[in-house]
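> Take this structure first; my questions come after.
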Amino acid sequence: MVRISGRRLGAAVLAGMLAAAPFAAPAQAQQGKTLRVALLTGIDHLNPFTAELLAATQVGRLNYEFLTLPSAENAQPTGGIAESWSASDDKLTWTYKIRPNMKWSDGKPLTAKDAAFTFTKMLTDATARTANGSYVTNFDTVTAADDATLVIKTKTPQATMTALDVPIVPEHIWAPIADLKDPKTDTMDVVGVGSGPYVLTEYKPNEFVKFKANKDYWRGAPKVDSVQLLKFSDAEAAVNALKQNEVDVINRLTPTQFDALKGQPGITTSEAPGRRYNEISFNHGVTTVDNKPLGNGNPALKDIKLRKALAQAIDPQTIVDRVMAGHGKVGTGVVPTAYSTYHWQPAAGELAKFDLAAAGAALDAAGYAKGPDGVRTVPGGGKLELRLAGHSSRPFDQRTAEYIKGWFKDIGVTITPELVSDEELNDRTSAGNYDLAISGYSTSPDPDYALSLQTCAQRPNAEGKGGSTDNFFCDAEYEELYKQQLVEFDPAKRADLVKKAQARLASQVVNVVLDYDNVLEAYRSDNFSSFTKQPQPEGAILEQMGYWGYYGATPASGQAASSGDNGSGGGSNTGLWIGIGAVVLIVLVGGGVILAKRGKSADDRE
């Protein structure tokens, strides 16, 4: 049973009043062939080698073409820079034929040498492996036989060679850069040369990212002239901007917002199965890739008996029913139900069911006795008090934190929610400075990426670079299953190994997968008649494994002839709305969350 204090309720009412008040401004007409997208999550880097947050990886998908990418139709591999590919009989050598006459946005030719440079850089520079290093761990050599032929040799067969989710960068821009941590790698001088359907033109942190259409894009120029990602720190402000015709598309809607937008004039809503999992991550004594202790997690969480008891006190069904209002599915493993071939559905008894009484009894048996105040003590002394980190901008995190706090109080464990910005949350979790974290990742059609996030090699170095880990997991049995699935080309056998790996991960209770959110989106159908969804016909518009939604954006009849970017950051009133949103957020955080406190995970990482 979740308990909401009077102070928290008062804060929520205050927040609702303040959020509603400023949005009585007159509607603003859409600014022509510019697609304006509300951005609700943070951007850590534009540098595609180090960009880990989901919004940042979406920037890379628009700006750079990939060797291959999942198709819009069914997410099966389709050509990108590579127009064809083949494997040797032993599957250790892969040859990719590069599409002819491709060019970078500065007019330089795009060849196999650029792809060879990108992958070789990842092999030789730990920082270059930060975002997507798992894809090259098994690579032996990468060479450009000529401008049209890329050859990759692997140490062992690798089943993911047509699913390498790595943006290909221009060698002539990136080769002179010795330090990929240099801030200049996030500037237009470096990232302003691309090959995707849109090319980066301007970036102002926490305000906007702008692109222009790549008129020479090999698939053909997009139907719109420019794209603007407009940052909103508050979801309600973004929803009101959509209503007022200040943005064209929004996602990450809460169930309440989604339902409220249905039937609104000029607005169409869209719901699709999601590719993301939400989880509670336990700091189980995390370490770097060199097995050095990292961060300040509560050492009590090294005890798997404690973690199992806490996991039994978390009810994913309630999260789906109450937090997501049924717009999602209960979580089990790290491969969502949307990818049913590889999704793990545990057998009866394989995962402990939600049971507060059983969780309490397990804590008693493990020596975590309750004190006179009802709070348990850790064997050896000290109260069992834990921090729970999460995103301050996500209603999901805010509500989930309250449920967790209530459930844990019922079993004698004190939880202190610490909801912070996306960037701070990412910094905290990457440095191991958390006890519990509300986290999650968006996954790929191929299960390798989701599984790789739990491997030893993906733990970062002491600087937080060199890998992208979910839970700092490092387990010999899991590693063996991971390696076996990577070299298995028989679909059924591979699926079995993938499911066994997820079961092993769950058995060690370094996380609890809560749910798989449905994608809740809405767009101005008076401005845009359609978007290319993935998969078709009823998939997601934004945050795809590719750029299809942006590339296929089709202006509504009568909208295509008007002018595009007015250079003001997204329409004359958009800056105002952003400012209003920021003010609302400040009040919400200052007046709401702080009041309630006296009540990351990673950001939405890709």
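> What length, rounded to one decimal in nm, is gained on full extension from Thr156 through to Ala347, with 0.36 nm per residue of separation minus their alpha-carbon distance?
65.5 nm
> Could you please state, rounded to a whole Å, how far the C-alpha centre of segment 186-247 is from the C-alpha centre of segment 487-543?
25
> Listed here are the pairs Lys231/Lys483; Lys210/Lys499; Lys121/Lys483; Lys308/Lys500; Lys97/Lys483; which of them are more than 30 Å apart at the Cα?
Those over the limit are Lys231/Lys483; Lys210/Lys499.
> Quick one: with all protein chains in place, what share of the accessible area of the chain is carbon or sulfur, to the nearest percent (1.4 Å probe)?
Answer for the chain: carbon and sulfur cover 53 percent of the accessible area.
> Give the cross-link partners of Lys113 among the aspartates and glutamates, using a straight C-alpha distance below 12 Å as the criterion and excluding same-chain residues fewer than 8 apart.
Within the straight-line cut-off, Lys113 pairs with Asp146, Asp147, Glu171.
> Might you tell me the accessible area per residue for the chain, computed with a 1.4 Å probe and given in Å²?
On a per-residue basis, 37 Å².
> Between beta-carbons, use under 14 Å as the cut-off and find the net charge around Glu488, counting Lys and Arg +1, Asp and Glu -1.
+1
> Set the bar at 20 Å for Cα to Cα. Now go through Lys103/Lys204; Lys204/Lys465; Lys91/Lys493; Lys103/Lys181 and name every pair that lies beyond it.
Too far apart for the 20 Å limit: Lys103/Lys204; Lys204/Lys465; Lys103/Lys181.
> Calculate the FRET efficiency for Thr187 and Asn101 from the Cβ-Cβ distance with a Förster distance of 22 Å, rounded to the nearest 0.05.
According to the calculation, E is roughly 0.15.
> Calculate the spin-label point distance for Thr416 paired with Asp259, positioning each point 7 Å from the Cα along the beta-carbon direction, and give it in nanometres.
Placing both labels 7 Å beyond Cα along the Cβ direction yields 3.6 nm.
> Packing-wise, with mean Cβ within 10 Å as the measure, how do 410-416, 367-373, 321-327 rank, highest first?
Taking the mean over residues of other Cβ atoms within 10 Å, the ranking is 410-416, 321-327, 367-373.
> Give me the extension gain from Ala457 to Arg399: residue separation times 0.36 nm, minus the current Cα-Cα distance, reported in nm with one decimal.
In short, 17.5 nm is gained.
> Estimate the FRET efficiency between His172 and Ala325 by the formula 1/(1 + (r/R0)^6), using the beta-carbon distance for r and 51 Å for R0, to the nearest 0.05.
0.50
> Using alpha carbons only, how many angstrom separate the centre of segment 62-99 from the centre of segment 458-478?
Result: 28 Å between the Cα centres.
> Could you work out the local net charge near Lys113, counting Lys and Arg as +1, Asp and Glu as -1, over the other residues with Cβ closer than 10 Å to its Cβ?
So the environment of Lys113 carries a net charge of -4.
> Cβ under 15 Å from Asp147's Cβ, Asp147 left aside: what net charge do those residues give with Lys, Arg +1 and Asp, Glu -1?
Overall, the nearby charge balance is +1.
> Per the helix-only calculation at 222 nm, which mean residue ellipticity applies to the chain, given -39500 (n - 2.57) for every DSSP H run of n ≥ 4 and division by its residues, nearest 500 deg cm²/dmol?
Taking each H run of at least 4 residues, the total per residue is -7500 deg cm²/dmol.
> For Asp526 and Gln317, what does the FRET efficiency come to when R0 = 35 Å and r is the distance between their Cβ atoms, rounded to the nearest 0.05?
So the FRET efficiency works out to roughly 0.35.
> Ranked highest first by average number of other Cβ atoms within 10 Å, how do 477-489, 37-49 line up?
Put in order of decreasing packing, that is 37-49, 477-489.
> If you don't mind, another one. For the chain, just say rounded, prolate or oblate: build the C-alpha gyration tensor, square-root its eigenvalues into a ≥ b ≥ c, call rounded for a/c under 1.5, and beyond that prolate if a/b exceeds b/c, oblate if not.
Since a/c reaches 1.5 but b/c is at least a/b, the shape of the chain is classed as oblate.
> If each residue of separation counts as 0.36 nm, what is the full-extension length gain between Thr143 and Ala358 once their alpha-carbon separation is subtracted?
71.6 nm
> List every residue whose amide H lies under 5 Å from the amide H of Phe208, counting only residues 5 or more places away in sequence or on a different chain, with H placed 1.01 Å from N in the peptide plane.
The list, which skips near neighbours in sequence, is Lys231.
The values are calculated or read from the model by the stated rules, or taken from the named source; none is laboratory data. Quick caveat: nothing in here was measured; it's all calculated off a predicted structure. Glycine gets a Cβ as well: all are built from the backbone with ideal geometry, and neighbour counts include every protein chain shown. Accessible surface is based on the protein model in full, side chains and every heavy atom, while ligands, DNA and RNA are left aside. Shrake-Rupley method; radii C 1.70, N 1.55, O 1.52, S 1.80 Å.
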